[in-house]
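Enquirer: Sending over a structure as structure tokens; questions will come in a sec.
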Amino acid sequence: MSVANAPAGSDAWRFPNRATPPGSSLYYAVRFAPRHLRDLLAALAGWRHLVHAVLDEVSDPGVARLKLDWWRDEIRRTLDAAPRHPVSHVLHAELARQPGLPVLPADAFLGIADRVEQELRRRRPVDDAALCAADRQDLGALFELMARCHGREDLTIQTAARATGAWCAQVHRLRDAGLLLRRGHTVLPSERLSRAGLSHEALASREHRHRLPALLTPVAKQLAAAAPRDLTTLPRALRIQQAIHAALLTELLRSELAVVDQRIGLTALRKLWIALRTR
């Protein structure tokens, strides 16, 4: 598909787009990436954004699963040079502009869709290790794809990118825990809730929602202790993401995880400052 016959709305998925809006951490990660990669990275984030949107925008589980299957087929079509969706067109066009770039693995995209389906079917991770594995499959996969777009083909770097993405996803979950709980999404692994005598549904009730900060605090402290350290081999875009999420985690701990009815975040100016300092 050429630029001339691109579907309507394709340009809306170039940088910045709905998944990388100005002021977001992904915006600054992509903004400080090499110029020739910005639309490609934004399209990758856009693909994940649209797959995740199925969770909250489609109320019928059967229809949601059909939509996920469509996205699975769409990424295969895109990698075979036959995209249909505007975001897929941008992704294909930007990949074609960089002939030296290795083919992106379909499995990374499919893993993101599989993770969304697990959440859709309420297949909750049992313990911390399972939740971390789910995050590596999701945001970790996006980070790996972004590293590959920078030409990082070394398995060690791709593994580090996945681990960094999973860590950022866990911080992100802490920030949005109150909202996720109200929407019925996973906030904590089943094992942690069982030890507290709770289920996901019980924690979401008016009777027990106030217990959320106390349950999240040990998770936050554990994340702070396990923050990725040596990231020098990763592209700057991913190092910016990690640095912003590290600062966010500090703010969450300072607030004592008061996220039941509010969303704690960093200002756009602070994110910009962190991005500028991440060399």
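Each reported figure results from applying straightforward, stated rules to the coordinates on display, with no laboratory input. It should be emphasised that the depicted structure is a prediction, and the values quoted were computed from it without experimental measurement. Every residue, glycine among them, receives a Cβ derived from its backbone with ideal geometry; neighbour counts consider all protein chains shown.
Enquirer: Rounded to the nearest 20 debye, what is the charge dipole size of region 93-139 about its Cα centre when +1 sits on each Lys and Arg Cβ and -1 on each Asp and Glu Cβ?
Expert: Values: 7 positive and 9 negative charges, 25 e Å.
Here the size comes out at about 120 debye.
Enquirer: Moving to a separate point now. So how long is each side of region 10-277 along the principal axes, counting just the alpha-carbon atoms, biggest first, in Å?
Expert: For region 10-277, the Cα spread along each principal axis is 55, 46, 32 Å.
Enquirer: Once you compute Rg and the Kirkwood Rh from C-alpha atoms, what is the Rg to Rh ratio for region 187-279?
Expert: Ratio value, two decimals: 1.06.
Enquirer: From zero up to wherever the largest Cα-Cα distance of region 30-105 sits, split into 5 Å bins and tell me the percent of pairs in each.
Expert: Result returned by the calculation: 3, 15, 24, 23, 16, 10, 6, 3, 0.
Enquirer: Do the sum for the chain: with -39,500 (n - 2.57) for every DSSP H run of n ≥ 4, divided by all residues, what is the mean residue ellipticity at 222 nm, to the nearest 500 deg cm²/dmol? List each step's numbers first, then the result.
Expert: Details: 14 runs with 174 residues, N = 279.
Dividing the helical sum by the residues of the chain leaves -19500 deg cm²/dmol.
Enquirer: Here's another thing I want to ask about it. Using all alpha carbons of region 42-149, what is the percent of pairwise distances in each 10 Å bin, ordered from the shortest bin to the longest?
Expert: 14, 47, 30, 9, 0
Enquirer: In what sequence, highest mean first, do 70-76, 172-178 appear when ranked by Cβ atoms within 10 angstrom?
Expert: Descending mean neighbour count gives 172-178, 70-76.
Enquirer: So for 274, 112, fewest C-beta neighbours within 10 Å to most, what's the order?
Expert: Lowest to highest Cβ neighbour count: 274, 112.
Enquirer: Turning to a different aspect of this structure: So which DSSP H runs in the chain come out at 24 Å plus along the axis (Cα) with average Kyte-Doolittle of at least 0.0?
Expert: TM-like helix candidates: 38-57, 155-175, 236-254.
Enquirer: Highest first, please rank the peptides 183-194, 33-44 by the mean number of other Cβ atoms sitting within 10 Å of their residues.
Expert: So the peptides 183-194, 33-44, ranked by packing, come out 33-44, 183-194.
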